[in-house]
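J.: Mind looking over this structure? Questions follow.
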Amino acid sequence: MSSSRRILVTTFGGLLPVMLLSHAAAADTSYGELIGDRAPVFAENTRLFETPSESSTVVCTLPVGTEVFRLAAVDIQHTSDGLSSTWMQGACTLGGETFQGYIPMSWLAMTHQELGADTLLLFGIASGNPLTGRFAGVAKVVSDGRMLWGAAFFPPSTDMGGSDYRYGVSSRRLDPAGLPGIEDLLMLSFLYEACGFENRDVLLAWTGRYLVAGPSASRMSEAGVFHYAEDMLLPADDPLLGSDILVISTSEEWDEATEGYRTVAVDTTRWWWTGIDFEEMPR
């Protein structure tokens, strides 16, 4: 169930290889729809339009991270290739002046967290294939309208066709105690309330200079068949871990005799924060 993927994190200073793996919270985006009436701009040089059409007059151009508020879905447009896009009506403030207009929902962050004064972690979907349900996601750290760091990776696939990103996406801040050099520790969660679909949590660490994708944890179940769960234990949960992180996996199968689940396997993976990166420790 768990997977790892070597990726390149791109910044304006060069490339750094990190490991990406996966653990869950209330969604900021649920079944492709934003929760709440405000969200920061995810795409760079985003435009606010006079009407819900990219061919209409541009009201203003928004730097990445700019908050758009009073959001409301106004139009869902379909194209010949089966893709759809939801247009949002909203407002923003630039230079002390308030502007109103329309913006594609895909240009807004699906979830975000404040990392400090004028610094945000944003997550959004950069591209997707509706035929395979595979999507490319990007986590960005932005400040004062510019991107400081970006990490690209693949969220769990939906494998259900259609163009909507069907997972709920959420983020939350965690206690970085015991992990020196990490200013902000966050969990990015992909949630799906259905049997047979993977729910994944990805640990992200912001050092103040670069973003590191760390251990992850997945969950999947099929009612009356199996349960699979990975739970993450942090140094803030147990100081005896030092700078280590445990990912404990439990597999359960349905037992017809007892009409309940029985544990068939338990495994533990240990990760170490080196002060620069997360490394999986040999067994």
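J.: Take the conditions closer than 21 Å to Trp272 by Cα, in a loop (DSSP other than H, G, I, E, B), modelled with pLDDT under 95 and out of contact with any helix residue (DSSP H, G or I) (no Cβ under 7 Å at 6 or more places or on another chain) and apply them to Gly208. Does it pass?
T.: Yes, satisfied.
J.: Based on this model, can you work out whether Val264 counts as closer than 22 Å to Pro282 by Cα, in a strand (DSSP E or B) and not basic (Lys, Arg)?
T.: Judged against the criteria, Val264 is not a match.
Yes or no, residue by residue, for (1) at pLDDT 75 or above; (2) under 24 Å from Arg200 (Cβ atoms):
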| residue | (1), (2) |
| --- | --- |
| Leu8 | no, yes |
| Val18 | no, yes |
| His23 | no, yes |
| Pro40 | yes, yes |
| Arg47 | yes, no |
| Val68 | yes, no |
| Val74 | yes, no |
| Gly90 | yes, no |
| Leu94 | yes, no |
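J.: If you don't mind, another one. Test Ala265 against the stated conditions and say whether it is closer than 25 Å to Leu120 by Cβ, surrounded by fewer than 17 Cβ atoms within 10 Å (Cβ to Cβ) and modelled with pLDDT of 95 or more.
T.: No; evaluated as a whole, the condition is false for this residue.
J.: Same structure, new question: Here's a check for you: in region 105-145, which residue that is of a type in the set (Val, Ile, Thr) and crowded, with 21+ Cβ neighbours inside 10 Å is farthest from Gly65 (Cα to Cα)?
T.: If we take residues in region 105-145 being of a type in the set (Val, Ile, Thr) and crowded, with 21+ Cβ neighbours inside 10 Å, then Thr111 is farthest from Gly65 (Cα to Cα).
J.: Now for a different question. Please work out if Thr79 is surrounded by fewer than 19 Cβ atoms within 10 Å (Cβ to Cβ) and either at pLDDT 75 or above or more than 17 Å from Met187 (Cα to Cα) (or both).
T.: Criteria met by Thr79.
J.: Quick check on region 211-233: of everything there that is assigned to a loop (DSSP other than H, G, I, E, B) and of a type in the set (A, V, I, L, M, F, W, C), which residue is farthest from Glu256 (Cα to Cα)?
T.: Across region 211-233, the extreme among qualifying residues is Ala223.
J.: Could you tell me whether Asp201 is exposed (fewer than 13 other Cβ atoms within 10 Å of the Cβ) and under 23 Å from Leu122 (Cβ atoms)?
T.: So Asp201 does not fit the description; no.
J.: Something else about it: Where residues in region 48-59 are part of a strand (DSSP E or B) and touching an Asp or Glu at 6+ places or on another chain (Cβ under 8 Å), which of them is surrounded by the most Cβ atoms within 10 Å (Cβ to Cβ)?
T.: Val59
The values are calculated or read from the model by the stated rules, or taken from the named source; none is laboratory data. Nothing here was measured: the structure is a model prediction, and the numbers come from that model. Cβ: placed from backbone, ideal geometry, glycine included. Neighbour counts: every protein chain shown.
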